[in-house]
């Protein structure tokens, strides 16, 4: 008998989630959440909890979170009516690359990387090509300054001002465009290559993987890659390689 899963996922994984869900052996209901909420983790957490609280009892075998820890946005979440399953990941780049080890290796090789994907660029609004996956709250503030400069002075002048200020060079020196194998996506390579050139960054194209998203949605939840949280328990960060653990609320 087919199981029934509810997926709460950041919209930057929309194509990946829908692609896998359409081919999965179980019944999967997908609910996307605005990626813009990442800039305010407390707001994102509250929105995710609101959606978890609205899930009817005895309808789903599990609730699957298409998120990493994401600036602790998922920390403290509780599903009262079903187990939750979340990848052991710091952010969605792990889900795009297919494994935490692969992301860790890429990060060690070059921590100053801005990551881009088709879904993220398309769902970025008028300023979508300026913001990258895994960006922190400080990065979001930097993006807001850039958007203000574009509105006031135009894109070329805004790029010049940001370069003079050193804002783009302070933490980053490379742009990586992730192109997921097995998905027929629009190709934004040249768009990101041009952006990198204007900021004085190196550019690289990297193959993504559906492995982690597929195993999440198809129920292959080994403890090394996924955390399963029993109903009524919460997600707590561990500050080590496990990333998160389940615990009783109030501990």
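Miscellaneous remarks
- Three-way shape label, the chain, alpha-carbon gyration tensor, a/c 1.5: prolate
- Residue of 224, 207, 89 that the Gaussian network model of the chain assigns the largest fluctuation, springs spanning Cα pairs under 10 Å: 224
- Among 221, 115, a tally of other beta-carbon atoms within 10 Å of each Cβ gives an order, fewest to most, of 221, 115.
- Folded to 0 to 90 degrees: helix 41-53 orientation relative to the chain principal axis, Cα: 30 degrees
- Degrees, to the nearest 10: 14-23 long Cα axis against longest axis of the chain: 40 degrees
- Simple spin-label estimate for residue 58 and residue 148 in nanometres, 7 Å along Cα-Cβ: 5.5 nm
- On Cα atoms only, tilt of 100-109 relative to the major axis of the chain in degrees: 20 degrees
- For 47, 247, 11, order by how many other beta-carbon atoms lie within 10 Å, fewest first: 247, 47, 11
- Fluctuation leader among 19, 171, 38 - the chain, Gaussian network, Cα springs under 10 angstrom: 171
- The ranking of 73, 209 by Cβ neighbour count inside 10 Å, starting from the fewest, reads 209, 73.
Every read-out reported here was derived from the displayed coordinates using simple, explicitly stated rules and does not represent laboratory data. Owing to the predicted nature of the structure, the values given are computational and were not obtained by experimental measurement. All Cβ positions, glycine included, derive from the backbone under ideal geometry; neighbour counts span all protein chains shown.
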